[in-house]
Amino acid sequence: MTEHIDNKRLNTDLRSRFEYLSKFLNFTSADITALNAIAPKIFPRIPVIADTVYRKLFSFDITKQYFFTHHQGFESISPHADIDAALESTQISIRKDMLSIYLKRVLTQRDWNDTFLQYLSQVGRMHTNQAGSTSINVDYIHINLLLGYLENLLIDVLWKAENLDDATKLAMVTAINKLFWIQNDFFTMHYLLKTKEDLSSTEQISKKPHCCCLIN
């Protein structure tokens, strides 16, 4: 029997959206348990993972440029700064801490309640210009790649972990994969919202009557 999904609620209610994602991806309590079990394996590697992520971001000018712009609460980084010096700057150190906090939370969360869904949503929203600051407005292509890269780093740690049988590793890798698809969707949701708003503004401008330059 075909299950009805309310399309409007998908875009207005996080719980409804999450429930649909969970059903489609078959994300269950077993996956949450697997994520919790991953935590002790990942936590010791988080500082290295965070450093690796930012070194990757600094390896391309198109992603590196975002850190040269002044962000609220951060000092801007000089484009001429040595990469090692830049990665040890206050701004990047704080961002590494934020990434560490994110990983620890998503891997230890036992109850994916509304508060946690709001957290996942806010992580996506803050990278657009929807969070009240146009200075944090990263093109989605870079977000998509970053999530994929971060997922690969976590999977690599798990795959090399000792004292885990293949069935357990498979369950953990599957759970990580589902987690990042859900998080990716919560990013996409806000980027699509921004796109719709931009298109709406463009349509309104195009509907305005054109003036004749000879009269007005």
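The values are calculated or read from the model by the stated rules, or taken from the named source; none is laboratory data. These numbers were taken from a predicted model, which means no experiment stands behind them. Here the Cβ is made from the backbone with ideal geometry for all residues, glycine too, and neighbour counts use every protein chain on show. The protein model used for the area step is the full one, side chains on, heavy atoms only, and it has no ligands, DNA or RNA in it. Shrake-Rupley method; radii C 1.70, N 1.55, O 1.52, S 1.80 Å.
A few points about this structure:
- The accessible-area ordering, largest first, of the residues 1, 98, 189 stands as 1, 98, 189, per a 1.4 angstrom probe.
- Couplings for region 149-160, taken from phi via the Karplus curve 6.51 cos²θ - 1.76 cosθ + 1.60 with θ = phi - 60°, read 5, 5, 4, 4, 5, 5, 5, 4, 4, 5, 5, 8 Hz in order; Gly and Pro are left as x.
- Projecting label points 7 angstrom from Cα along Cα→Cβ for residue 39 and residue 68 puts them 4.1 nm apart.
- Here the Karplus relation 6.51 cos²θ - 1.76 cosθ + 1.60, evaluated at θ = phi - 60°, turns the backbone of region 95-112 into coupling constants of 5, 5, 5, 5, 5, 5, 4, 4, 4, 5, 6, 5, 8, 10, 5, 9, 10, 7 Hz, with x for every Gly and Pro.
- Applying a threshold of 19 Å to the alpha-carbon distances of 56/178; 41/104; 56/104; 64/96; 96/160 flags 56/178; 56/104; 96/160 as lying beyond it.
- Here the Karplus curve 6.51 cos²θ - 1.76 cosθ + 1.60, taken at θ = phi - 60°, turns the phi angles of region 51-60 into couplings of 5, 5, 4, 6, 5, 5, 5, 7, 8, 10 Hz, with x standing for Gly and Pro.
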